[in-house]
1. Return a whole-number percent for the relative contact order of the stretch 18-203, with Cα pairs under 8 Å and 6 or more residues apart as the contact set.
2. Within 12 Å, Cβ to Cβ, of Asp562, how many net charges do the neighbouring residues add up to if Lys/Arg are +1 and Asp/Glu are -1?
3. Based on the Cβ-Cβ distance from Thr510 to Ala432, what FRET efficiency comes out when R0 is 41 Å, to the nearest 0.05?
4. For the stretch 601-661, with every protein chain kept in place, what is the accessible area per residue (1.4 Å probe, Å²)?
5. For the stretch 532-557 and the stretch 331-387, what is the separation of their Cα centres, given in Å?
6. Can you pull the one-decimal nm distance between simple spin-label points at Asp620 and Ser341, each 7 Å off the Cα toward Cβ?
7. Treating the beta-carbon of each Lys and Arg as +1 and of each Asp and Glu as -1, no other charges, what is the dipole magnitude of the stretch 205-453 about its Cα centre, to the nearest 20 debye?
8. Using DSSP to call loops (not H, G, I, E or B), can you name the GluC sites (Glu not before Pro) in the stretch 55-104 whose Cβ has at most 11 other Cβ atoms within 10 angstrom?
Amino acid sequence: MAESPEQFRGQSRLPRFAEPLRYDLVLRPDLAACTFSGSASAAVAVSSPTRFLVLNAAELAVDRSSIRFQDWAPTEVAQFEEDEILVLGFDRELPLGEGVLAMDFTGTLNDQMRGFYRSKYEYNGEARNMAVTQFEAADARRCFPCWDEPAFKAKFKITLEVPAELVALSNMPVVKETVCGPLKTVYYEESPLMSTYLVAIVVGLFDYIESSTLEGTKVRVYTQVGKTSQGKFALDVGVKSLDLFKDYFATPYPLPKLDMIAIPDFAAGAMENYGLVTYRESALLYDEQLSSASNKQQVAITVAHELAHQWFGNLVTMEWWTHLWLNEGFASWVSYLAVESIFPEWNNWTQFLDETTSGLRLDALAESHPIEVDVNHASEIDAIFDSISYDKGASVIRMLQSYLGAERFQKALASYIKKYAYSNAKTEDLWAVLEEETGEPVKDLMTTWTKQQGYPVIYAKLNGQDLELEQAQFLSDGSSGPGMWIVPMTACCGSYDLNKKFLLKGKTDTMHIKDFAASQSGQNFWIKLNIDQTGFYRVKYDDELAAGLENAIKAKKLSLMDMIGIVEDSYALSVACKQTLTSLLRLLNAYRHESDYTVLSHVTSVCLSVNKISTDANPDLSSDIKQLLIKLLLLAAKRVGWDPKDGESHLDVMLRSLLLIALVKLGHDETIKEGIRRFHIFLEDRKTPLLPPDNRKAAYLAVMRTVSTSNRTGYDVLLKIYKETSEAQEKSRILGSLSSCPDKDIVVEALNLMLTDEVRNQDAFYVLGGISLEGREAAWAWLKDNWDHVVKTWPSSSLISDFVNSTVSPFTSEEKAAEVSEFFATRVKPSFERALKQSLERVRISARWIDSIKSEPSLAQTVQQLLLQEF
């Protein structure tokens, strides 16, 4: 047996010779000094011969003299910070079976929004600190020494010593409280078996509202004092979601209570801690007067996503972070199922294609990664919380459900939850249960989607009575990767009643369409593959098939999902230079009479991307292209106008905001002038019906289009509104507008604002996401100048990646890519390495696309033709 603590360094996982069964944890946060002290004792089962105990600890000062296992003090104590482990060596072999490990420790309430941290808030005008935990993925070890891996499930008994006037919450209900002078001790019920990353504690001043599920589970929403009315909407969605999931998973909600709480400083959107779900304020609070329709939707989806995790993630937990996608992809998918059921009028499954689109866009990069990623070190985990785990994950689950059928799929999921409740599972375990329940080759099929990166484009070619199909890996740089998939194909011909389902297993296949298409002829003939976009792939039709679909779009023969799929595939194929920008513009023109929000949200996003690329590719033609894009959106924009109509649908409210913002970004004078006019009325009367919350972003962007260093009132006024409002959603609207100014000095001023106390670190990405095309160079220069400060202030992978992505991706030349690479050559860190590579790849893809656009012979002529067309 090796005799040194050194042997445990550099391992990706903790050794399995000892496992925790139960933790008894006492924590004493000091909110004034921003420190905490604690003591932990863990019942540990020693299962094979060892004289060491190895667990995780990071940024904690462990009191070595306090450490005991049973009655023995360790003879060696080594804390390896880079491995985040604590190794205890004893002078004898530990007896097999159960023993108790105890120790005391102290730590800092940090301001990095991870581990045990402080968040700032105001109460009666004075600044206060609250103490909050955020442990996923590997940060419980920053609060107490523990076996900080998802597979080491244990029971937790928590006790907190806190100031008597504060609210102190944890995963479980309070058993008793004792008050002693200014402090109280709060004892919580012991939890069921759970992973460390789901333990949660919040201490601060809060109000709450409550309700209960049909089963009688108490549900509460906690907010800052005075904001409970903004928690009602989330509370209602929460209660309905719990009732729905209980039936869907055929398993009761596992805990005695559920609290949801809004935290002012919060790195992610929300965190599904067992029984105590934490949210950033904008993801939980909804105010009829101040929130927009899209805020409302975001709150509903986020709440449903986090509550789905109470079963899928918390009750059944992934065995290791490689299987993170199971947690996130599944919760994303099922949150749409819940919201569709609660708000059928939102057309939620059609909006799900937003997720699929972002998954497809990221996964077309050579620098993407498979859904299942080998994770060898805790520091690598954060970087896989991306669009692949969430959006591609959710999309391949939708594809599988659609292939197996909703009922079979639900039954199998309920079996899976029952089989693995209170334990851990791997991706293969889910496939095995689904295969057993349905008799379908689920494992072979799904392995091609989770273990290799990317996805196919299916080339479809008409040859007489045959439809010839061929698959190849799709990449945005136009190259073709080696991947091969088992593809669940669906096809319909001329009508949704005539459809076929089959698996494409090889490189090519042929579909006989003679009987299938007999009734279809001439003008009305069309074939659509991937019905309703349930498959995670793209389709490239030959000219004849593409023309048929274009006619079907004009004739309103296609479902909303299929109309979205066609425009997204066409855009992606243009970027990859597999079809021309000319043909993309012709296709977009077929959507000019469209009035549905879900379709137009994709059409406008494609229009804005085309506008950006044409500005760089073809400056002479770009103003004509702008006019054409404006003309495409104007019919729908005129229909909804600026003023809300009585009894209009939720989706029309969203459409108004979408189109006004797009027209402002495209430089439509009339919309910009009207936005500014209404903004001035709003300044005189903040409650004016002339500028409801949904239209404010468009007005703010309009104001910023006209701001410059010599005419800066608009910027100053917006900043004043920002400082005066306490609403997170309004603050984010303004932050996303300030940097959209065409004047580069103002862009730099907006970026500098992020370095002040005016902007919470969690909100930096709003400013970054809004940077104008004209401000690109200035933003890049700013990032270089402030790099050391930025890395120190925003250390977490998701936050620092936002900086890299937002400043680098908008560029479109090989020279710029080289300059960026050179700057980062000596500065790159694992936390943002993938984001940097992806951003540089995007720059090179744009450069290649620009070269291709420049050589399109009939682009100018087509733009003129389309501009002259009568609408």
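The values are calculated or read from the model by the stated rules, or taken from the named source; none is laboratory data. Since we're looking at a predicted model, the values are computed, not measured. Reconstructed Cβ throughout: ideal geometry from the backbone, glycine too, with neighbour counts over all protein chains shown. Quick note on the areas: whole protein, heavy atoms, side chains included, nothing else; ligands and nucleic acids left out. Shrake-Rupley method; radii C 1.70, N 1.55, O 1.52, S 1.80 Å.
1. This gives 24 percent for the stretch 18-203.
2. Residues near Asp562 contribute 0 overall.
3. 0.80
4. For the stretch 601-661, the per-residue accessible area is 37 Å².
5. So the separation of the two Cα centres works out to 24 Å.
6. 6.0
7. It works out to roughly 500 debye.
8. Values: sites: Glu59, Glu76, Glu81, Glu82, Glu84, Glu93, Glu98; in loops: Glu59, Glu81, Glu82, Glu84, Glu93.
Sparse-neighbourhood loop GluC sites (Glu not before Pro): Glu81, Glu82.
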